[in-house]
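So the structure is just underneath, and the comments pick up after that.
The values are calculated or read from the model by the stated rules, or taken from the named source; none is laboratory data. Keep in mind that what you see is a predicted model, and the values were worked out from it rather than measured. Every residue, glycine as well, gets a Cβ built from its backbone with ideal geometry; the counts of neighbours run over all protein chains shown.
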Amino acid sequence: MLAGSAVLAVGCASSTTRVTLLPQPDGRPSAVDVTLKQDNRTTELSRPYDLLAVRARSVKVKQLDAESVQQQYGPLLSVQPPKPEQFILYFENGSAELTTESKAALEQVLSRATNRPGSEILVIGHTDSIGKMEDNDVLSLDRAKVVHEMVLRRGFAASRVYASGRGEREPLVATDDEVAEPKNRRVEILVR
C-alpha cells in the first residue's frame, strides 16, 4: 500500500504486477503515472478503481469497482491508517491570539489528536488580505507557531508536529485585496 497524492494498492501475482488507484478519502480526484523501467513507457491512472496490469511487456488498463477491489485486497485495505482529521481554529484580527471560541475548541482538537497514537500533526497558518503580503506571511507563521507550541506542551513529540504559514494565498472565503474576512484568519490542523 502506498500513499501520496494518490492512494494505491499494489500487488504481484504470477509474474503480473497490478496497480489499482483507490479513491481519495475526501472524494477529491487524483491520478498517478506508472512508468515501466524496461522501456520508460508511462501510463496514467486517473479514475478511482482503474487497474493497470503489467505482464512481461504487455500493459492493460481496465476499470474495476469497489466491491471487486475489496474482495481482492480486503485484508490489505483493512490495515490502512485512519483517515486524516482536519480542524480549523480562528484568530483575532491582525494578531496571533485565538478567538474565544477557538480557545475552547482547541482542547477538543488536542484530545482527538491524542487518541491517534503515532499520528503526525500539520499546523498551517493563514491570514485575510489586510496588509502587505510579506507581513501576512510572517503573521500566518506566527499563528501556526502559537498552535504548534500548544500541541508540544500537550506532550506530542516535536518530530511529529510541523508548522507552516501560507499568508493570504489560500483563503477560505475569496475576497478582494484589503478585505477583512474572519474565516480567513485561521490555522488549519491536519492530524494524520
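Is it true that Val61 is among the aliphatic types (A, V, I, L, M), farther than 30 Å from Pro171 by Cβ and at pLDDT 90 or above? It would help to see each step written out before you state the result.
Values: among the aliphatic types (A, V, I, L, M): yes; farther than 30 Å from Pro171 by Cβ: yes; at pLDDT 90 or above: yes.
The answer is yes for Val61.
Of the numbered conditions (1) at pLDDT 95 or above; (2) of a type in the set (Asp, Glu); (3) over 25 Å from Glu181 (Cα atoms), Glu120 fails exactly one; give the number of that condition.
So the condition that Glu120 fails would be (1).
State yes or no: is Lys103 out of contact with any strand residue (DSSP E or B) (no Cβ under 7 Å at 6 or more places or on another chain) and without any contact (Cβ under 8 Å) to a residue 12 or more places away in the chain? First the steps, then the outcome.
Working: out of contact with any strand residue (DSSP E or B) (no Cβ under 7 Å at 6 or more places or on another chain): yes; without any contact (Cβ under 8 Å) to a residue 12 or more places away in the chain: yes.
Taking the combined requirement at face value, the residue satisfies it.
If you scan segment 150-173, which residues turn out to be surrounded by fewer than 16 Cβ atoms within 10 Å (Cβ to Cβ), part of a helix (DSSP H, G or I) and in contact (Cβ under 8 Å) with a residue 24 or more places away in the chain?
Arg160
Which of the residues that make up segment 34-59 are over 8 Å from Leu21 (Cβ atoms) and of a type in the set (Asp, Glu)?
Correct list: Asp39, Glu44.
If you check Val138, Val187, Val147, which single one turns out to be modelled with pLDDT of 95 or more, in the same structural domain as Leu98 (by TED's automatic domain parsing), part of a strand (DSSP E or B) and among the hydrophobic types (A, V, I, L, M, F, W, C)?
On the way: Val138 fails: part of a strand (DSSP E or B); Val147 fails: part of a strand (DSSP E or B).
None of the other options fit; the residue is Val187.
Could you list, in sequence order, all residues of segment 89-118 that are β-branched (Val, Ile, Thr), surrounded by fewer than 15 Cβ atoms within 10 Å (Cβ to Cβ) and within 15 Å of Ile189 (Cβ to Cβ)?
Residues of segment 89-118 that are β-branched (Val, Ile, Thr), as a first pass: 99-100, 109, 114.
The next check asks that each one be surrounded by fewer than 15 Cβ atoms within 10 Å (Cβ to Cβ); those that pass are 100, 114.
Selection gives Thr114 alone.
Report yes if Ala105 is assigned by TED's automatic domain parsing to the domain that holds His126, at pLDDT 85 or above, among the small types (Gly, Ala, Ser) and in a helix (DSSP H, G or I), otherwise no.
Values: assigned by TED's automatic domain parsing to the domain that holds His126: yes; at pLDDT 85 or above: yes; among the small types (Gly, Ala, Ser): yes; in a helix (DSSP H, G or I): yes.
Against the criterion (assigned by TED's automatic domain parsing to the domain that holds His126, at pLDDT 85 or above, among the small types (Gly, Ala, Ser) and in a helix (DSSP H, G or I)), Ala105 qualifies.
Is it the case that Pro48 is modelled with pLDDT under 90 and within 30 Å of Val173 (Cα to Cα)?
Details: modelled with pLDDT under 90: no; within 30 Å of Val173 (Cα to Cα): yes.
It is false that Pro48 is modelled with pLDDT under 90 and within 30 Å of Val173 (Cα to Cα).
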